[in-house]
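For reference, the structure discussed in these notes is given below.
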Amino acid sequence: MNKELIICDLHVSIDGSPILKGVNLDIKPGEVHALMGPNGSGKSTLSSVLMGHPAYEVTKGSITFGGEDLLDLAPEERARLGMFLAFQYPVAIPGVNVSKFLKSAADAIHPDGKVNATDFLKDLRANMAYLEMDAAFANRGLNEGFSGGEKKRMEILQMLTLKPHLAIMDETDSGLDIDALRVVSKGVNKLMDEPFSLLVITHYERILEYLKPKFLHILMDGRVVLSGGPELVKQLEEKGYDWVKEAAAKQQSAAV
Amino acid sequence: MSSTVMTPPQFLAGFDEAAFDACASGEASFICTRREKAFNDYGMIPNPTSRDEEYRRTDPMLFRMGRYARMPTIATGRLQKTRRWDEAFDVVVSITDHRLGLSEDLPAGVTVCSLNDAATSHPELMEGYFMGAASPEEGRKFLELNNAFWNAGLFIHVARGVVLEKGILIHYDVEAEHAALLPRLLVIGEEQSQFSIIEDYQSSHETPFLCCSAREFYAHAGAQVKLVTLQEWGPSVVHIAEDWARVDRDAMVDLVSLSLGGKTSKMTVGCTVCEPQANAYLGGLYFANDKQHFDQKTLQLHAAPDTFSKMLYKGAAKDKGYSVYQGIIQATHGSIGVDAYQTNNNLILDKGARADSLPGLIINADELACSHGATMGNLDPEQLHYLRTRGIDEVEARKILVLGFFEEVVQRVPHAPIQERLHDMIERKLGDTDE
Ligand SMILES: Nc1ncnc2c1ncn2[C@@H]1O[C@H](COP(=O)(O)OP(=O)(O)OP(=O)(O)O)[C@@H](O)[C@H]1O
Ligand SMILES: [Mg+2]
């Protein structure tokens, strides 16, 4: 199964104002990519569009996943193709029980439309233990009264439950304490046992040390202005985004 | 000296002197006297019209009085049919058109009998409590109508310190067309007693009838009483209900009203927290779909310092459904340390659906922590999107969100199978379309 993600010249607007202005990105099965960029550069917009958020309008370009045109697909259809987004700001849904919700999601994703209830519970308990989550979370309302870090952990629990082919992690590391970051990264790495590709959006080097991306892209003002290897992050930490602009200009002139 | 102007008594169609004369026969003299008194009071209260504030959104014409004939008083008998889940309760009462069936062996300290039997066997209790719980500011026509005309009267008394693990189920199953059922319930929980009562209203499909109920609840010091009403009448039923509760020191009363069935419903729930540390919870769940019309009013009356009440009513309106919620918090002069909360949340699921929310406060207390809030709107698009990104399709996601919206009230219902039934009913209503 070739689950390659190809984003080609993607232009996206919200309420008529352009946010993404020609994004190109290619993630092959098994690859880990990191995406960095200043606040407001469009990283979350890109993840939202990848999952089909209805508020965003794609004005130009294409996204395909495993050869399928994603832009025609509803969010749930994308999820069933094996895509997953760990949200930067997960919503709380009071009254919706975590384990019931996860069961509905697992059923929906499963090709037969139903998972075995006993297996599901066994899996859930194991995943929660792996993420060092208190079992009591399974019976709470979804993200209801969860701390910032607990919400992020809940995103990763969902990811482990649904076992996607491609996951986008939008600043999952923000708000996680040092131990939580380790635990969450361990959880993500567990998925790497199977063919799994990952787009990690972050502002910090630390999570990249755990997840070891081979590729790093920098998004500025709605465009990927610089792409390279993981070594880019060191330079970025030292020199900041002004340096990126210069480097990007050089890369471009070299390309011409 | 002012002259007294005698206005002629006013009767609701079908409930006049002739109907009254026909209904009082062979009852305990105490009952007859009370009926007489109530009938007089009933006649003195003008017939409500849509010009009255209370009926502005629910025109009494909708009740179509005059279409229904009062059923003869339902005779007491042995409990006959046992349904699958009757085992789950300590006491079961089954009320049909013809019979008020009672469990044979009652737990120690528990009395469950007809009002007429109670008037003979427990005259002092009837004297002290019957028709005494309501504290309305003005005459209430339908309360007095029930006081005069009730035809299914039940008395429940739980003695001091008695704890019922499984509780009491009162199940209604009505089949008669164009009949008027007037259930009358008196519940007394003595000090430190603990029990729950579930009233479960069901009727055969499409049978039009009127249910005009009145219930009184007394919780004495330290008692913990839960009263759950599951209104799942057939789609042509008019349901009018008056509930009045009084809560003493350290007692806790839950009044949970679940309105799902019927065509038109007008419900009033009044609760007086009478002594310090008395605590009342008023929970409501209503879901008006098709052309259902639900009108509910709550009154939280604080008659003493250091009393608590919390009201949470959650409603959804779909298709051309319409719901009205009106709430009043009132504290008497000199009440300090009163905590009263009022929350009414509404989901409007369709363009043609409507919900009105009118929270109100009458504060006479010197020191009162009070909050009231109402929300109104459709499902949150961000929550909907979130669920869909997890593979859940839109229809299912909407269902999950609506169930989640109601869950806080559902959790107040004892007995998991009844919670499940509620979930099923809500799902069914979501699935129904009026097209
Ligand atoms: N509904 C909206 N209306 C107008 N502008 C919007 C809307 N949503 C997002 N934007 C704008 O789009 C731009 C990109 O936002 P986005 O959330 O994608 O940034 P980001 O790169 O994820 O930033 P951060 O690092 O702070 O998370 C921002 O300038 C933001 O203000
Ligand atoms: Mg962002």
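The values are calculated or read from the model by the stated rules, or taken from the named source; none is laboratory data. Everything numeric here is computed off the predicted structure, so don't read it as measured data. Here the Cβ positions follow ideal geometry from the backbone for every residue, glycine too, while neighbour counts run over all protein chains shown. Accessible surface areas use protein heavy atoms only, side chains included; no ligands, DNA or RNA. Shrake-Rupley method; radii C 1.70, N 1.55, O 1.52, S 1.80 Å.
A:P94: surrounded by 15 or more Cβ atoms within 10 Å (Cβ to Cβ) and under 24 Å from A:F146 (Cβ atoms), yes or no?
Yes: the conditions hold for A:P94.
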Let me spell it out: the conditions are (1) at pLDDT 95 or above; (2) within 15 Å of ligand 1 (Cβ to nearest atom), and A:Y204 meets all of them except one. Which number is the exception? (1)
Can you tell me which residues in the stretch A:142-163 are open to solvent by less than 10 Å² (accessible area, probe 1.4 Å), within 12 Å of chain B (Cβ to nearest Cβ) and not charged (D, E, K, R)? A:L142, A:N143, A:M154, A:L157, A:Q158, A:M159
Just wondering, is there one or more residues in the stretch A:63-86 that are more than 7 Å from chain B (Cβ to nearest Cβ), among the hydroxyl-bearing types (S, T, Y) and open to solvent by 40 Å² or more (accessible area, probe 1.4 Å)? no
If B:K429 satisfies every condition in (1) within 14 Å of chain A (Cβ to nearest Cβ); (2) more than 19 Å from the chain's Cα centre (by Cα) but one, which is the exception? (1)
Filter the stretch B:400-417 down to residues that are surrounded by 19 or more Cβ atoms within 10 Å (Cβ to Cβ) and either at the interface with chain A (Cβ under 7 Å from one of its Cβ atoms) or in a helix (DSSP H, G or I) (or both), then give me how many there are. 10
For the stretch B:143-169, which residues satisfy the criterion of being in a strand (DSSP E or B) and over 20 Å from B:R70 (Cβ atoms)? B:F155, B:I156, B:H157, B:V158, B:V163, B:I168, B:L169
Within the stretch B:117-158, residues aliphatic (A, V, I, L, M), open to solvent by less than 30 Å² (accessible area, probe 1.4 Å) and under 27 Å from B:Q192 (Cβ atoms) come out as B:A118, B:A119, B:L125, B:M126, B:A133, B:L154, B:I156, B:V158
Counting only residues that are under 23 Å from B:D393 (Cα atoms) and either surrounded by fewer than 14 Cβ atoms within 10 Å (Cβ to Cβ) or more than 14 Å from ligand 2 (Cβ to nearest atom) (or both), how many does the stretch A:39-59 have? 5
Every listed condition ((1) in contact (Cβ under 8 Å) with a residue 60 or more places away in the chain; (2) more than 7 Å from chain A (Cβ to nearest Cβ)) holds for B:T375 save (1)
In the set B:R184, B:R215, which member is more than 21 Å from B:G284 (Cβ to Cβ) and within 15 Å of the chain's Cα centre (by Cα)? B:R184
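Among the residues of the stretch A:170-204, count how many are in a strand (DSSP E or B) and away from ligand 2 (no atom under 15 Å from the Cβ).
2
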The stretch A:27-37 - residue that is more than 10 Å from ligand 1 (Cβ to nearest atom) and of a type outside the set (K, R) and, of those, nearest to the other protein chains (Cβ to nearest Cβ): A:I27
Limited to the stretch B:36-61, what total is found for residues that are farther than 21 Å from B:L358 by Cα and not in a loop (DSSP other than H, G, I, E, B)? 10
Within the stretch B:382-399, take every residue that is among the β-branched types (V, I, T) and facing chain A (nearest Cβ under 7 Å) and give me the one that is farthest from A:N97 (Cα to Cα). B:T389
Working only within the stretch A:5-24, note down all residues that are under 21 Å from A:P230 (Cβ atoms) and open to solvent by 10 Å² or more (accessible area, probe 1.4 Å). A:N24
Inspect the stretch B:183-195 for any residue being open to solvent by less than 10 Å² (accessible area, probe 1.4 Å), touching a residue at least 60 places away in the same chain (Cβ under 8 Å) and out of contact with any strand residue (DSSP E or B) (no Cβ under 7 Å at 6 or more places or on another chain) and give the result as yes or no. no
Could you check how many residues of the stretch A:38-69 are over 16 Å from the mean Cα position of the chain (by Cα), more than 10 Å from ligand 1 (Cβ to nearest atom) and of a type in the set (A, V, I, L, M)? 1
Per-region count, the stretch B:290-311, residues more than 22 Å from B:E53 (Cβ to Cβ) and open to solvent by 10 Å² or more (accessible area, probe 1.4 Å): 8
Looking only at the stretch B:374-399, and only at residues there that are out of contact with any Asp or Glu (no Cβ under 7 Å at 6 or more places or on another chain) and among the basic types (K, R), the one that is surrounded by the most Cβ atoms within 10 Å (Cβ to Cβ): B:R390
Within the bounds of the stretch A:214-228, is there any residue that is more than 16 Å from ligand 1 (Cβ to nearest atom), away from chain B (no Cβ under 14 Å) and part of a helix (DSSP H, G or I)? no
Residue pairs within 6 Å by beta carbon, gap of at least six or interchain, first lying in the stretch A:26-50 and without any contact (Cβ under 8 Å) to a residue 60 or more places away in the chain and among the charged types (D, E, K, R), second open to solvent by 10 Å² or more (accessible area, probe 1.4 Å) and more than 9 Å from ligand 1 (Cβ to nearest atom), listed first then second, are A:D26/A:I6
Given the options A:A136, A:A108, name the one that is away from chain B (no Cβ under 14 Å) and either over 22 Å from A:H53 (Cβ atoms) or open to solvent by less than 70 Å² (accessible area, probe 1.4 Å) (or both). A:A136
